[in-house]
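A.B. asks: Please see the structure below; I have some questions.
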Amino acid sequence: MRFLVYSHVIHTKFDGKFFGYGPYVKEMNIWGKHVSELWILAPLSKEEKPDPIDLAYQHQKVRFIKVPSFQIKSLKDAPNAVWACLVILSKGFFYSLRADHLHLRCPGNMGLLACLIQILLPWKSKTAKYAGNWDPKANKPWSYKLQQGILNSRFLTHKMKVLAYGEWEGQSSNILPFFTATYSERDIVPIKKEPLSKGINLVFVGSMTENKSPQTAYQVYKSLRRKGFVVSLDFLGKGPELDVIRALAKKDDLSDGIKLWGNVEASKVKEVLQKAHFLVFVSKSEGWPKAVAEAMFWGCVPITTPVSCVPQMLNFGERGFLIDENSDPAKIISDLIKSESNFTEISEKASSWSRKYTLEYFEEEIQKLL
């Protein structure tokens, strides 16, 4: 089977292999196990080396189809965007005719163009992964709404199964509630956490951007320190907020308990989560929040926002804490310190749920789609 993937992920070529964002490539390598040829239609970076978080495709027959990336933030971007769209549409249609199965990664500019191309190929076998927030009531860009509308239409998506996070009112029959897996069944080992009374380990995992609100995690850490608790906080991720956090910690004379790791390999994320008690992740928008699912796998209790399918993941507060602008995460944590058994119960419920969604189970479900 010639399996063509439309991806907006910017790739890097290094040492004869193609690299991309680690969690995405890890998933595509699972799809690739069940196809004879893996074709990737995506942008290629001029960078000489991949980022530490990136992974390489493992398939023996990878065919990379280079296309330009584009974005439209102002009128001056229009000429480049028009040219890029024409290249993507022409190459996409050419290779789609020759592929046996089309796989769309949505939402995004590439996903939107792929949605349009697949309408012209109703006889082709197709799958789509909508990695954004499927909640029809959520605010999202018009292009995301357009992609969601096309994917949800039985008329416009013949022979397609669409994987979306969570279960929502108004989903058509070709929408399959799905998940993303990070860990294998081999990773299911007993969880051992130090008592909260010996020190509280906080963690933030994700891009260090305003949308992910890493400053909220810092304020929780600061509040607990001011109350006299022994606290540490690890930031895993890179972005413009990293320097902001560094400056705040220095100004408040609280740098001693903070570690700013930047982007790290998955093994380091796993190591930190195994020790952490709480994930403080106050994101404004998510699809499948990988950070939350991975934290839960290791019994790290999430304190997070009710966006996308997060309430369903946490069973509406049973497996973690859903907060808003009026919540006090530091008080939630300090109250649990007084009742270690409550923390343990929530931690166990979180890990028990997350450990159902292993890579092996993920692969079984993918095989059913091919």
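A.B. asks: Using DSSP loop states and a limit of at most 11 other Cβ atoms within 10 Å to flag chymotrypsin sites (Phe, Trp or Tyr not before Pro), what is the longest stretch of the chain containing no flagged site?
C.D. replies: The longest such stretch corresponds to 156-370.
A.B. asks: Next question, about the same structure. Using amide H atoms built in the peptide plane, which far-off residues or other-chain residues are under 5 Å from VAL67 H to H?
C.D. replies: Under 5 Å from the amide H of VAL67 lie the amide H atoms of ALA42, LEU44, each far enough along the sequence or on another chain.
A.B. asks: Further, regarding this structure: Positive end of the dipole of the chain, charges at C-beta (+1 Lys, Arg; -1 Asp, Glu), about the Cα centre: which of PRO190, PHE278, ILE366 has its Cα farthest in that direction?
C.D. replies: Final value for the positive-end residue is ILE366.
A.B. asks: Rounded to the nearest 500, what is the chain's calculated 222 nm mean residue ellipticity when only DSSP H runs of at least 4 contribute -39500 (n - 2.57) each, over all residues?
C.D. replies: Calculated from helices alone, the mean residue ellipticity at 222 nm is -11000 deg cm²/dmol.
A.B. asks: Per Stokes-Einstein, at 25 °C and 0.890 mPa s, what whole-number D in µm² s⁻¹ belongs to the stretch 281-370, with the Kirkwood radius over Cα pairs as the hydrodynamic radius?
C.D. replies: Result for D is 176 µm²/s.
A.B. asks: Oh, and also: How big is the convex hull of the Cα atoms of the stretch 22-176, per residue, in Å³?
C.D. replies: Taking only Cα atoms, the stretch 22-176 has a hull volume of 137 Å³ per residue.
A.B. asks: Follow-up. Alpha carbons only, please: Rg and Dmax for the stretch 213-320, in angstrom.
C.D. replies: Considering the stretch 213-320 through its Cα atoms, Rg and Dmax are 13.9, 39 Å.
A.B. asks: Not counting ligands, DNA or RNA, and with a 1.4 Å probe, what is ARG226's accessible surface area in Å² rounded to the nearest 10?
C.D. replies: 140 Å²
A.B. asks: Return the equivalent ellipsoid semi-axes of the stretch 210-251 as a descending list in whole Å, where each equals the square root of 5 times an eigenvalue of the C-alpha gyration tensor.
C.D. replies: 19, 10, 9
A.B. asks: Relative contact order for the chain using alpha-carbon pairs under 8 Å, separation at least 6, rounded to a whole percent?
C.D. replies: Relative contact order of the chain: 14 percent.
A.B. asks: For the stretch 112-121, what does the Karplus curve 6.51 cos²θ - 1.76 cosθ + 1.60, with θ = phi - 60°, yield as ³J(HN,Hα) per residue in whole Hz, taken in order and with x for Gly and Pro?
C.D. replies: Taking θ as phi minus 60°, the curve returns 5, 5, 5, 4, 5, 4, 5, 4, 7, 10 Hz for the stretch 112-121.
A.B. asks: Roughly what % of Cα-Cα distances in the stretch 1-99 sit above 24 Å, to the whole percent? If you can, show how the numbers build up before the last one.
C.D. replies: Numbers: 1223 of 4851 pairs.
Percentage above 24 Å: 25.
A.B. asks: Next question. About the Cα centre of the chain, how large is the charge dipole given +1 on each Lys and Arg Cβ and -1 on each Asp and Glu Cβ? Please answer in debye to the nearest 20.
C.D. replies: Here the chain has a charge dipole of around 900 debye.
A.B. asks: Check which residues have an amide H placed less than 5 Å from LEU176's amide H, if you skip close sequence neighbours.
C.D. replies: VAL162, LEU163, ALA164
A.B. asks: Something else: Can you list the residues, at least 5 places off or on another chain, whose amide H is less than 5 Å from the amide H of GLY262, using H built in the peptide plane?
C.D. replies: The list, which skips near neighbours in sequence, is GLY237.
A.B. asks: Need one number: the % of Cα-Cα pairs in the chain sitting beyond the 32 Å mark.
C.D. replies: Here the long-distance tail beyond 32 Å is 36 percent of all Cα pairs in the chain.
A.B. asks: Would you please state the base-10 log of I(q)/I(0) at q = 0.10, 0.11 1/Å for the stretch 112-268, with intensities from the Debye formula using one equal scatterer on every alpha carbon?
C.D. replies: -0.60, -0.69
A.B. asks: Taking θ as phi - 60°, what are the ³J(HN,Hα) couplings along the stretch 129-140 by the Karplus curve (6.51, -1.76, 1.60), each to the nearest whole Hz, with x for Gly and Pro?
C.D. replies: These are the phi-based 3J(HN,Hα) values: 10, 8, 8, x, 7, 7, 3, x, 8, 6, 6, 7 Hz.
The values are calculated or read from the model by the stated rules, or taken from the named source; none is laboratory data. Note that the structure is predicted; figures quoted are calculated from it, not measured. Positions of Cβ are generated from backbone atoms using ideal geometry, with glycine treated the same way; all protein chains shown enter the neighbour counts. For accessibility, only protein heavy atoms count, side chains too; no ligands or nucleic acids. Shrake-Rupley method; radii C 1.70, N 1.55, O 1.52, S 1.80 Å.
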